[in-house]
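The values are calculated or read from the model by the stated rules, or taken from the named source; none is laboratory data. Note that the structure is a prediction, hence the values are computed from the model and not measured. Heads up, the Cβs are rebuilt from the backbone with ideal geometry, glycines too, and the neighbour counts pull from every protein chain shown.
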Amino acid sequence: MIDVDDLVARAADGEEAAWAALVDRFASLVWSVVRSVGLGESDAADVSQTTWMRLAEHLRELKDAARLSAWLVTTARREAIRVSRLGVRQVPVDPWEWLEHPGDVLDGPESRVLASERDLAVQAAVALLPPRCRQMLLALAADPPSTYAEISRSLGVPVGSIGPTRSRCLDRLERLLKEQTEGLLDDVGLRF
């Protein structure tokens with residue numbers, strides 16, 4: 001086994017094989033320190049890479065190559081703790097998510113009234129659909145969901161036509177909902 005002092009000196013001189021030998025020898029140590037802080041796999045991989053980058057930046061300044069493992073442990077632990085603390089404060093959030101789930105954001109009586117009105121509007125529009133579309137959409141929205149094979153049998157349509165039929169029925173439903181909305185806006189004198 002090659003001496004760590006020798007590997008550090010050769011790696012500092014730019015020898016790739018010496019650098020690879022250092023990484024091979026100490027990678028599991030760095031990884032175990034990083035994971036012991038409780039980071040997830042991707043954050044742990046980032047911290048591990050950062051630790052090796054820091055070593056590459058400071059390799060020539062390393063005074064005692066025999067203490068390389070202690071240097072790696074300290075650097076990896078500090079970086080892992082830093083990333084761990086950042087992760088607690090920085091929670092990625094989609095700023096538009098509340099548009100998709102307005103009930104999660106507004107939980108007051110207004111949101112319940114709006115949800116009820118929306119549900120009634122959808123039910124009224126579904127009732128205006130031709131029977132075939134209504135049956136198709138209700139079968140697709142069943143809980144638990146029906147398979148295409150079950151829908152095919154119950155409605156007597158080929159499996160391959162379910163997707164295109166669903167698309168046409170949803171387009172029709174969307175038009176009905178828009179017509180209802182425009183009618184409501186006309187009734188109260190609002191136009192955009």
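Figures for the structure shown
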| read-out | value |
| --- | --- |
| Candidate set: the stretch 62-88, residues that are in a helix (DSSP H, G or I) and basic (Lys, Arg); chosen: the one surrounded by the most Cβ atoms within 10 Å (Cβ to Cβ) | Arg77 |
| Positions within the stretch 41-81 being among the acidic types (Asp, Glu) and farther than 16 Å from Arg10 by Cα, in sequence order | Glu41, Asp43, Asp46, Glu79 |
| Scope the stretch 5-61; condition over 20 Å from Arg82 (Cβ atoms) and hydroxyl-bearing (Ser, Thr, Tyr); matching residues | Ser28 |
| Only one of Ala139, Ala127, Ala121 that is surrounded by 11 or more Cβ atoms within 10 Å (Cβ to Cβ), in the same structural domain as Arg175 (by TED's automatic domain parsing), assigned to a helix (DSSP H, G or I) and at pLDDT 85 or above | Ala139 |
| Candidate set from the stretch 28-44 (those that are of a type in the set (A, V, I, L, M, F, W, C) and within 11 Å of Ala76 (Cα to Cα)); member that is modelled with the lowest pLDDT | Val37 |
| Hits in the stretch 25-61 (condition: surrounded by 15 or more Cβ atoms within 10 Å (Cβ to Cβ) and not in a helix (DSSP H, G or I)) | Val37, Leu39 |
| Total residues in the stretch 122-170, condition within 32 Å of the chain's Cα centre (by Cα), closer than 25 Å to Thr181 by Cβ and small (Gly, Ala, Ser) | 2 |
